[in-house]
Amino acid sequence: MTGSPDRLIDLRSDTVTRPTKAMREAMATADVGDDVYGEDPTVNRLESDAAALLGKEAGLFVPSGTMANQVAILSHTERGDELFIHRDSHAYYYEGAAPSLWAGVVTTLLDGPDGVFSAEDLSRAVRPDNIHHPTPRLVMLENTHNRSGGAALAPERLDPVMDLAHQLNLFVHIDGARLFNAAVALDCPVKRLAQKADSVSICLSKGLGAPVGSVVAGPRPFIERSRRYRKWLGGGMRQAGILAAAGLIALDNRRRLGDDHTRAKRLLEGLLALGYQAWAPSVATNMVMIDTNRAAEGLVQEARKAGVAFGTVGTHRIRLVTHQDVDDSDIDRTLAVFRGIKRSLSDAG
C-alpha cells in the first residue's frame, strides 16, 4: 500500500487544526481583563465583531459549540417546553441529551433531506394549544449540516421554516458551527443566512482554526440571559482574552474556507475515479462521505497505518474533512492510500 505514516494526515475533523503562528503571537500579547465582570477588552471586541458579522445586536463568547447550543436553548425556553429539531442534528445526536438534562425540554424529531425539515413538516408537528401538550417554543436548525455531509443550506431552504416558526410564535436558533462554510459555498453573505433567526451560534475552533471557543449572537436581552446561563454552566472564564485573540484571527480565516472546499471536491472526484461510492449533499463544503460494503472501522484502521486518519459515520460510512492544516500534497497522498487499499482488496479477491 502506498503512503508514509511519518506525518499523519488528519482528516477526522476540522477541529484538529493547530493554532497558527499569528494566533499564538496574538494570544501571547492579548490585552486582557476579567471577562466575568465584562472587563476583558479582547473578549468584548470578539463578541462585538462576531455579532456585527452575523447581523445581530450582541454576542457572547463561550468555551464550546455544545455550550453555545445549550445556552441558546436555555435562554429561549422554560422547562417542559417543546423543541423541534432534525433527528440528525448535532444538538440532538452528539450533545449527550443535554437539552433534556439542562433545559428540561421535550424534543420532537423531524426528518428531511440535507438535515432540514420543511415548513409543512413543522406545521404538522406543532400540536394545538392544550394542557395535555407541551408548549411549543423553539425550532433549531443547523447550517452547515454535519451528518448530512456538511450540506450548505441556502435561504430558500431555511426561510420558509423560520417564517412559519415565527407565525406560530416560536423562536428559531441556528447552530451555525460551520455557518461561514455555508456562506462561502453558497456565495451568500453570512448575515443573510442568519437574518431570520432569533439567535445563531458559530464555532471558532472548526474550519476557522482557533484552538477553542464559540460565539452566540442575538438581541441584547437574549445575550444577557445567555450570560447568566453561561455562568451557571461553568463557562464564565476570567482573562479569556488570551483565547479570544485567536478567535479574532479565526474570523478573518473565513476568507480561506474556499480552499478547503476545493480540496474536498478534488478528494471526492479522486475517490469516485478510483471506484469508491461517495455520497454528497446538494451543496457540498469541506466534508467527503464514502459508503463502503466492508466495516467502516476496518477501513479506518487500515488507512491509519498508512498515515491517513478519518472517522466513521455509522457502520458502513466514513467521513473525511479538509481544513487549513491539509494541503494539496496531502490530498494526493490520501488518494494514493485509498488506491493502495483498493489494490490490496483486489489482490485478496
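The values are calculated or read from the model by the stated rules, or taken from the named source; none is laboratory data. Please read all numbers here as calculations on a predicted model, not as lab measurements. FYI the Cβ positions are ideal-geometry reconstructions off the backbone, even for glycines, and counts take in every protein chain you see.
Evaluating MET140 against the criteria (1) out of contact with any Gly (no Cβ under 8 Å at 6 or more places or on another chain); (2) crowded, with 23+ Cβ neighbours inside 10 Å; (3) part of a helix (DSSP H, G or I) leaves one unmet condition, (3). In the stretch 63-76, is there at least one residue being of a type outside the set (A, V, I, L, M, F, W, C) and under 24 Å from PRO160 (Cβ atoms)? Yes. Within the stretch 318-337, the residues that satisfy the criterion of being touching a helix residue (DSSP H, G or I) at 6+ places or on another chain (Cβ under 8 Å) and either hydroxyl-bearing (Ser, Thr, Tyr) or modelled with pLDDT under 95 (or both) are THR322, THR334. Scanning the stretch 103-120 for residues that are farther than 24 Å from PRO160 by Cβ and surrounded by fewer than 18 Cβ atoms within 10 Å (Cβ to Cβ) turns up just one, GLY104. Just to be sure, is LEU204 surrounded by 19 or more Cβ atoms within 10 Å (Cβ to Cβ), free of Cβ contacts under 8 Å to residues at least 60 places away in the same chain and not charged (D, E, K, R)? Yes, satisfied.
Residues that are touching a residue at least 40 places away in the same chain (Cβ under 8 Å) and crowded, with 24+ Cβ neighbours inside 10 Å: does the stretch 51-58 have at least one? So far as the stretch 51-58 goes, yes, one or more of its residues are touching a residue at least 40 places away in the same chain (Cβ under 8 Å) and crowded, with 24+ Cβ neighbours inside 10 Å.
Once the stretch 304-317 is narrowed to residues that are within 19 Å of the chain's Cα centre (by Cα) and among the β-branched types (Val, Ile, Thr), the residue that is modelled with the highest pLDDT is THR312. The set of residues in the stretch 121-137 that are buried (at least 20 other Cβ atoms within 10 Å of the Cβ) and touching a helix residue (DSSP H, G or I) at 6+ places or on another chain (Cβ under 8 Å) comprises LEU122, ARG137. Please state which one of THR312, THR262, THR292, THR334 is closer than 24 Å to VAL184 by Cβ, surrounded by 15 or more Cβ atoms within 10 Å (Cβ to Cβ), of a type in the set (Ser, Thr, Tyr) and not assigned by TED's automatic domain parsing to the domain that holds VAL36. Unique residue meeting the criteria: THR334. TYR229: in contact with a Ser or Thr (Cβ under 7 Å, 6 or more places away or on another chain) and touching a residue at least 60 places away in the same chain (Cβ under 8 Å), yes or no? The answer is yes for TYR229. For the stretch 93-122, residues that are touching a residue at least 24 places away in the same chain (Cβ under 8 Å), hydrophobic (A, V, I, L, M, F, W, C) and in a helix (DSSP H, G or I) total 5. Of all residues in the stretch 291-312, those that are acidic (Asp, Glu) and assigned to a helix (DSSP H, G or I) total 2. In the stretch 256-270 there is no residue that is touching a Pro at 6+ places or on another chain (Cβ under 7 Å) and either on the phi > 0 side of the Ramachandran plot or touching a residue at least 60 places away in the same chain (Cβ under 8 Å) (or both).
Residue count for the stretch 75-98 satisfying the condition of being within 23 Å of SER123 (Cα to Cα) and either among the polar types (S, T, N, Q) or buried (at least 24 other Cβ atoms within 10 Å of the Cβ) (or both): 8. Against the criterion of being on the phi > 0 side of the Ramachandran plot, crowded, with 22+ Cβ neighbours inside 10 Å and not β-branched (Val, Ile, Thr), GLY209 qualifies.
Every test in (1) farther than 26 Å from ASP252 by Cα; (2) part of a helix (DSSP H, G or I) is passed by ALA50 save one, and that test is (1).
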